[in-house]
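The values are calculated or read from the model by the stated rules, or taken from the named source; none is laboratory data. Computed from a predicted model, the values in this text were never measured in an experiment. Note that each Cβ is placed from the backbone with ideal geometry, even for glycine, and that neighbours are counted across all protein chains shown.
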Amino acid sequence: MTRGIESAALVALLRGGCRPWQVYADLVEEAGSALAVLEREDGEHGQQSLFDEPRRDRELRLQAAADQISSWQRAGMRLITVLDPDYPENLRAVHDRPPLIFVAGRLEPDDARSIAVVGTRSASPRGTLAASAVAGHLVHHDYTVVSGLAAGIDTAAHTAALARNGRTVAVIGTGLTRAYPPQNAALQRGIASQYAVISQFWPDAPPSRRSFPMRNAVMSGLTLATVVIEASDTSGSRLQARLALAHGRPVFLLESLLDQHWARECAARPGTHVVGSPAEITSIVERLTSSGALTA
């Protein structure tokens, strides 16, 4: 019951709050209670009530949030907050973690042993083959393949993992009731039915220019490392590489990327590894995991 109240309090807080969501993630974890933060925020900001009774108004907002959570659950979407023990531990460890995530399907504890495989939407045949090879190698070594369900490299990574009966998790830049790009709707349903699709956005949220960089931050936070297969100067995968390094997670660049200026700059940064084969990726991640530099 307490968990239900806290989840409703967090939804009410985010729906009506005036601070960035990342700030609320910090405040809620520090207090150990979303309800406590909601009550404090109501007092600090002079929350107005239709009934001139702040407590009664808060109860109505909590009930509305609880009803909404129930409707999401009936639609097959699970809400996990930073206060829940099953909030992904890798994600909990990063500074820009979202206060909540929505999950269609089921996350498993072993999904902590995951690696993101990302790249351009306009993938070349060579890039598609490379993404498939990396994803296939990862699932063979019992890693969950995480990607963003975009066209191109993401689609190749998810598809290769599924073809080899390996776990794959999609982190999307829309709410769970939407699919972007639309042609990946069937792939999204398939991943949700077997594994998990994750979103940090309200279930009906449309795609936006802001949502995809936020998606990249969550993808980096969820995983032990990020592999960039193929990416241009303007690709979101370049942003994810930067975010992963900021999270203290290694970044792997394929050798073929080094003809681009951004990749050469990234390769010079601590934590970046240029690799010529998928085996190099798992070898380095295993070494870092065993030394305690990474956790899973």
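Odds and ends about this structure:
- Some residue of the range 117-132 being in contact with a Gly (Cβ under 6 Å, 6 or more places away or on another chain) and among the charged types (D, E, K, R): yes
- In a residue-by-residue description of the range 136-145, the property of being assigned to a strand (DSSP E or B), surrounded by 20 or more Cβ atoms within 10 Å (Cβ to Cβ) and at pLDDT 95 or above applies to at least one position.
- Residues located in the range 225-240, provided they are closer than 17 Å to residue 170 by Cβ, at pLDDT 95 or above and in contact with a Ser or Thr (Cβ under 9 Å, 6 or more places away or on another chain): 226, 229, 240
- Selection count where residues are assigned to a strand (DSSP E or B) and either at pLDDT below 95 or within 16 Å of residue 137 (Cβ to Cβ) (or both), scope the range 263-290: 2
- In the range 60-75, the residues that are loosely packed, with under 15 Cβ neighbours inside 10 Å reach residues that are not β-branched (Val, Ile, Thr) with C-beta atoms within less than 8 angstrom, at least six apart or across chains, in these pairs: 63/8; 64/12; 73/79; 75/203.
- Failed criterion for residue 94 (all others in (1) at pLDDT 95 or above; (2) farther than 30 Å from residue 178 by Cβ hold): (2)
- Leading residue by the ranking (surrounded by the fewest Cβ atoms within 10 Å (Cβ to Cβ)) among those in the range 281-296 that are touching a residue at least 12 places away in the same chain (Cβ under 8 Å) and either out of contact with any Phe, Trp or Tyr (no Cβ under 9 Å at 6 or more places or on another chain) or not β-branched (Val, Ile, Thr) (or both): 295
- Residues in the range 173-220 that are acidic (Asp, Glu) and surrounded by 19 or more Cβ atoms within 10 Å (Cβ to Cβ): 0 in all.
- Among the residues of the range 221-236, the one identified as among the polar types (S, T, N, Q), surrounded by 24 or more Cβ atoms within 10 Å (Cβ to Cβ) and over 13 Å from residue 272 (Cβ atoms) is 223.
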